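Enquirer: Can you read through this structure? Questions will come right after.
Each value in this text was obtained by applying a stated rule to the coordinates, not by laboratory testing. Quantities reported herein were computed from a predicted structural model and do not represent experimental measurements. Please note: Cβ atoms are built from the backbone with ideal geometry, for glycine as well, and neighbour counts cover all protein chains shown.
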Amino acid sequence: MIKRFIKKVEETATEALITILYYIDDKLDNHDKRIDSLENKLEEFEDKFSPTIAEVESQSNTRKLIKKSGITTAVGIAIGWILKHFGIF
């Protein structure tokens with residue numbers, strides 16, 4: 001009688017473990033689907049805003065170029081004025 005009880009408990013435990021494993025597998029599949037969906041949305045977002053990123057970088061480079069040109073011009077004028085003031089130029 002005890003042997004049958006032990007066997008029944010082992011069968012029930014095995015079925016419970018199998019059920020738990022199926023549940024975990026289903027949850028993992030759901031998470032994989034959700035991750036795939038989020039990755040697709042991220043790719044769409046990056047595709048939509050890549051032109052915007054390029055434009056911002058371009059404008060940033062233009063600002064840097066304008067600043068460098070302005071500084072170079074100011075330094076050139078200052079050096080020219082100093083040289084003219086001393087009669088070298």
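Enquirer: Work out, step by step, the length gained on full extension between Lys67 and Ile2: first 0.36 nm times the residue separation, then minus their alpha carbon distance; give nm to one decimal.
Expert: Working: separation 65, 0.36 × 65 = 23.40 nm, distance 9.01 nm.
Computed gain between Lys67 and Ile2 is 14.4 nm.
Enquirer: About its Cα centre, what dipole magnitude does the chain give when the only charges are +1 on Lys and Arg Cβ and -1 on Asp and Glu Cβ, stated in debye to the nearest 20?
Expert: That gives a dipole near 700 debye.
Enquirer: Given the options Ile20, Ser60, Asn40, identify the residue whose Cα lies farthest towards the positive end of the charge dipole of the chain (+1 on Cβ of Lys, Arg; -1 on Cβ of Asp, Glu).
Expert: Highest projection toward the positive end goes to Ser60.
Enquirer: Only loop residues by DSSP count here, and only those with at most 12 other Cβ atoms within 10 Å; note down the GluC sites (Glu not before Pro) in region 12-74 that meet that.
Expert: Loop-located and lightly packed - none at all.
Enquirer: Can I ask one more? Among Pro51, Gly80, Ile2, flag the residue with its Cα farthest along the positive direction of the charge dipole of the chain, charges on Cβ as +1 for Lys/Arg and -1 for Asp/Glu.
Expert: Gly80
Enquirer: Could you work out how much longer the chain between Leu38 and Thr52 gets when fully extended? Use 0.36 nm per residue separation minus the Cα distance between them, nm to one decimal.
Expert: 2.9 nm
Enquirer: Related question: Quick one: dipole size for region 36-79, taken about the Cα centre, charges +1 on Lys/Arg Cβ and -1 on Asp/Glu Cβ, in debye to the nearest 20. Spell out each step's value before the answer.
Expert: Details: 6 positive and 8 negative charges, 145 e Å.
My answer is approximately 700 debye.
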